[in-house]
Amino acid sequence: MSSVWIDLAYLVAVILFVLGLKGLTHPRTAVRGNLMGAAAMLLAVVVTLFDQQIVGFWLIILGVIVGSGIGAVLATRIAMTAMPQLVALFNGFGGGASVLVAGAALAAGDSVTAKDVIIATAASGFIGAVTFSGSLVAFAKLQELDFIEGISIPYQQWVNAGAAAVCLFLGLLLVLHPEYDTLYWLMAILALGLGVSLVISIGGADMPVVIALLNSYSGLAASATGFVLSNNVLIVAGSLVGASGLILTRIMCDAMNRSLANVLFGTLAPSGGGGESADEVYANVKSTSADEVAMLLDVAQRVVIVPGYGMAVAQAQHTVSDLADALIDRQVRVEFGIHPVAGRMPGHMNVLLAEADVPYDLLREMDDINPTMGQVDVAIVLGANDVVNPLARTDPNSPIAGMPIIDVDKARTVIVIKRSLSPGFAGIPNPLFAAENTLMLFGDGRAAVSDILKAVKEG
Amino acid sequence: MLDISTMTLLAAETSGSSMLLLTVFVLAIFVGFEIITKIPPTLHTPLMSGSNAISGITLIGALLSAGADIHWFANLLGFLAVVMATVNVVGGFMVTNRMLEMFRRKE
């Protein structure tokens, strides 16, 4: 096949990628959008095989079989609650592939001579390596692998800055002396270290930002590889992903009222001297039982359920869905209030509730549900903490001051289902738990909701 | 380090097509911003895993490195890249499809 036909096919693939990504932005068109993306990828792969540069097929066939097998098994076996770590893992592999492709182009030699191509090679290796190791660390943290816990790097900001500066220097040397590919690999190894160091100290609740950002990086790495190979389809597909990841990153940062720099490099400031201690705040906590909650629900007309990461941990989504169904059968209006950063990745709660067959029109966004919170009879908070902490509104010195929250405290009665009074990620007490209209139901999320469900059905 | 003469050298040795590629890159970023603003939060996760699968497009480059008649080391790197990129692509599209089917079921 002549290169004109290959380029035309690539153009078709690019169009399909754009349309596919557009499809992913609406629930009705999303399945088709994803299939268009997959078709575009298939087309791009198939026409590439007709490229005259390709003479041997065994390595390709073997690689595709091994990779497809691993990918398919992971994609079909993984539990929905483990989705954040799976996305992190896939993302890392994309970044790793960019490092290797740019390295291969360098090792192949003769085609790579122009300075701009070497710059792209260095960029591809650098971004790809940071994406690879950063994503693997994010995976390990999300999977809660023990060895990753509690590791901290002394003088971290300086280590990061130093590693980045040395990477830049090595990249520059490589541009001036492309004949030494060792420089490339040294830079890539150092960038791997930088990726680890950047992500290792980032806490669980900030993971949505990190995953979105790494997603963006993997796209930019693919784009850089496209510059190395002068290949438009890589450049366009990569930059689409880069842009989409950046948008998600910004949405996540806005939802926490924090800047990207603060999430990546800062730590949440410990609450100043003005903050009350947990004992003072929790002096008047009232606890309740499943039966009492069932009685409240029995007379309620409008119920809002606010899930958080705790729902994922307790695998409570199916039980919650059953409870919602039971209440809807009793003519109660039930909605779910979803905070943008609830969970460990953007949209995490929505996926879990979709898995449990909760119709997506019951899932309401924060800005949508807050104005009507005053008319809600019972708000049930399940495994969420900081995203419903009223201190964000009331205490300007609090570390979460200004963060948009779901105003559950305005509901007539608030039921908080939680194992204990332990603080959330921000490490501050939550006055909601001791509020006049709040009842605490202590226990495992799934068991507690299941008890409520039983009591509702008996009542 | 990077004095004026190196800079001119860099500019001089820049291959002609790279400005065109840069133009494509910048325009594509704008297209990306335009089509993805206003995603409903419901679809954040599938959008992320779907776009993640698209970033596995590096597979194209991996195929060229694995199959070309070049140094064996470059072929080996290409092979490893094919494995990684295929995991990303196949796994990414499949898991996105699995999630989206869950969203569609209730229609």
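Every number in this text was worked out from the coordinates using simple rules, so none of it is lab data. These numbers were taken from a predicted model, which means no experiment stands behind them. Don't worry about glycine lacking a Cβ; one is built from the backbone with ideal geometry, like all the others, and counts go over all protein chains shown.
How much length would be gained if the chain were fully extended between residue A:437 and residue A:420, taking 0.36 nm per residue of separation minus their Cα-Cα distance, in nm to one decimal? Could you put the intermediate results ahead of the total?
Numbers: separation 17, 0.36 × 17 = 6.12 nm, distance 1.83 nm.
Fully extending the segment from residue A:437 to residue A:420 adds 4.3 nm.
Using a 10 Å cut-off on Cβ to Cβ distances, tally the other chain neighbours for every residue of A:76-87 and report the average as a whole number.
On the way: counts 4, 0, 3, 0, 5, 0, 0, 7, 3, 0, 5, 10.
Partner Cβ neighbours, averaged per residue: 3.
Counting pairs of alpha carbon atoms under 8 Å apart in space and at least six apart in sequence, what relative contact order in percent does the stretch A:278-458 give? Don't skip to the end; give the middle numbers.
Details: 353 pairs, mean separation 58.1, N = 181.
In percent, rounded to a whole number, it is 32.
Using 0.36 nm per residue of separation minus the Cα-Cα distance, give me the extension gain between residue A:155 and residue A:50 in nm, one decimal.
On the way: separation 105, 0.36 × 105 = 37.80 nm, distance 5.14 nm.
Working it through step by step, the gained length comes to 32.7 nm.
Diagonalise the Cα gyration tensor of the stretch A:278-458 and give the resulting equivalent ellipsoid semi-axes, square root of 5 times each eigenvalue, largest first, whole Å.
On the way: eigenvalues 106, 67, 47 Å².
Sorted largest first and rounded, they come to 23, 18, 15 Å.
List the residues whose amide H sits under 5 Å from the amide H of residue A:333, counting only those 5 or more places along or on another chain, with H placed 1.01 Å from N in the peptide plane.
A:302, A:303
Can you give the helix-only mean residue ellipticity at 222 nm for chain A, where every DSSP H stretch with n ≥ 4 adds -39500 (n - 2.57) and the sum goes over all residues, rounded to the nearest 500 deg cm²/dmol? Don't skip to the answer; put the middle values down first.
On the way: 18 runs with 271 residues, N = 459.
Estimated from H runs of four or more residues: -19500 deg cm²/dmol.
Taking beta carbons within 10 Å but only from partner chains, what does the mean come to for residues A:246-257? Mind showing how you got there, number by number?
Working: counts 4, 8, 8, 0, 1, 4, 1, 0, 0, 1, 0, 0.
The per-residue average across the peptide is 2.
Which order do the peptides A:294-304, A:157-167 come out in when sorted by mean C-beta neighbours inside 10 angstrom, highest first?
Details: A:294-304: 17.5, A:157-167: 15.2.
By packing density, highest mean first, the sequence is A:294-304, A:157-167.
In whole angstrom, note down how far apart the Cα centers of the stretch A:324-373 and the stretch A:382-420 are.
The stretch A:324-373 and the stretch A:382-420 have Cα centres spaced 17 Å from each other.
For the stretch A:178-192, what does the Karplus curve 6.51 cos²θ - 1.76 cosθ + 1.60, with θ = phi - 60°, yield as ³J(HN,Hα) per residue in whole Hz, taken in order and with x for Gly and Pro?
The phi angles translate into x, 6, 9, 6, 3, 4, 4, 5, 4, 5, 5, 5, 5, 5, 4 Hz.
What are the residues whose amide H is under 5 Å from the amide H of residue A:381, where those residues sit 5 or more places off or on another chain and H is modelled from the backbone?
Those qualifying (amide H under 5 Å, at least 5 residues apart or on another chain) are A:306, A:415, A:416, A:417.
Of the options A:414, A:426, A:442, report the single residue whose Cα projects farthest towards the positive end of the charge dipole of the stretch A:404-459 (beta-carbon charges: Lys, Arg +1; Asp, Glu -1).
A:442
Expected output is a single nm value to one decimal: the length gained when fully extending between residue A:364 and residue A:298, i.e. 0.36 nm times separation in residues minus the C-alpha distance. What is it?
Values: separation 66, 0.36 × 66 = 23.76 nm, distance 2.26 nm.
Stretched fully, the residue A:364-residue A:298 segment lengthens by 21.5 nm.
How large is the dipole of the stretch A:82-265 about the Cα centre if only Lys and Arg carry +1 and Asp and Glu carry -1, each at its Cβ, rounded to the nearest 20 debye? Don't skip to the answer; put the middle values down first.
Values: 4 positive and 9 negative charges, 59 e Å.
Roughly 280 debye for the stretch A:82-265.
How would A:70, A:15, B:39 line up from fewest to most surrounding beta-carbon atoms within 10 angstrom?
Details: A:70 17, A:15 13, B:39 22.
So the ranking, lowest neighbour count to highest, is A:15, A:70, B:39.
Let me spell out the model: positive unit charges on the Cβ of Lys and Arg, negative unit charges on the Cβ of Asp and Glu, origin at the Cα centre of the stretch A:202-315. What dipole size does that give, in debye rounded to 20?
Details: 4 positive and 8 negative charges, 121 e Å.
That gives the stretch A:202-315 a dipole magnitude of about 580 debye.
Size of the dipole of chain A about the Cα centre, Lys and Arg at +1 and Asp and Glu at -1 on the beta carbon, nothing else charged, in debye to 20? Mind showing how you got there, number by number?
Working: 22 positive and 36 negative charges, 120 e Å.
Roughly 580 debye, rounded to the nearest 20.
In percent, what relative contact order does chain A have, based on Cα pairs under 8 Å that are 6 or more apart in sequence?
Here the relative contact order equals 14 percent.
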